[in-house]
Amino acid sequence: MRELGTLRGVASGLVLLGRAAAAEGDYRGAVAAFEECIAIRHTIGEHSGMAAALEELAQVQRRSGHLPQAVRHYAAASLLRQATAPAEAPPSVSESVADLQSELGADAFDRAWAEGLAHGKRLLKP
């Protein structure tokens, strides 16, 4: 149980690190922190935490101009939220997804969303 608590603490710390890196414009550092957080949360089966970290990662990807990647992360987060605790994403996420759909166009958005859903399904597996 202690190890689980330690891993949760590390994952939470990585979220803070990712946010700080993003705020300073260090998108590479932010991506690395969020990806490590997601990996830890996957290991301990914390799907709601993975969804939140994926949304944070999507925001960073969007700010750094990687729009298809942002869509994929939002889609994976959406699937995880629906599968674990049918809670709606924060309004800012819904707005970002709508903006991305406009920016990418329907076809590119739909392809990226489908890829993200497939990734989300993989993340649901232990």
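The values are calculated or read from the model by the stated rules, or taken from the named source; none is laboratory data. Every value quoted in this text rests on a predicted model; they were computed, and no experiment measured them. Using ideal geometry, Cβ is built from the backbone for each residue, glycine included, and neighbour counts are taken over all protein chains shown.
Annotations
- Criterion: modelled with pLDDT of 95 or more, over 25 Å from residue 16 (Cβ atoms) and among the aliphatic types (A, V, I, L, M) - qualifying residue of 112, 70: 112
- Yes/no for residue 54 being crowded, with 22+ Cβ neighbours inside 10 Å and at pLDDT 95 or above: yes
- Complete set of residues in segment 73-91 that are of a type in the set (Ser, Thr, Tyr) and at pLDDT below 85: 84
- Taken over segment 36-61, the criterion of being more than 20 Å from residue 96 (Cα to Cα) and assigned to a helix (DSSP H, G or I) is satisfied by 36, 37, 38, 39, 40, 41, 42, 43, 47.
- Screening the candidates 23, 77, 85 for the property of being of a type in the set (Gly, Ala, Ser) and surrounded by 13 or more Cβ atoms within 10 Å (Cβ to Cβ) yields one hit, 77.
- Scanning segment 96-126 for residues that are touching a residue at least 40 places away in the same chain (Cβ under 8 Å), crowded, with 16+ Cβ neighbours inside 10 Å and either among the small types (Gly, Ala, Ser) or closer than 12 Å to residue 62 by Cα (or both) yields a count of 3.
- Members of segment 76-116 found to be assigned to a helix (DSSP H, G or I), under 19 Å from residue 49 (Cβ atoms) and touching a helix residue (DSSP H, G or I) at 6+ places or on another chain (Cβ under 8 Å), listed by number: 76, 77, 78, 79, 80, 81, 83, 84, 93, 116
- So residue 18, is it assigned to a helix (DSSP H, G or I) and more than 21 Å from residue 123 (Cβ to Cβ): no
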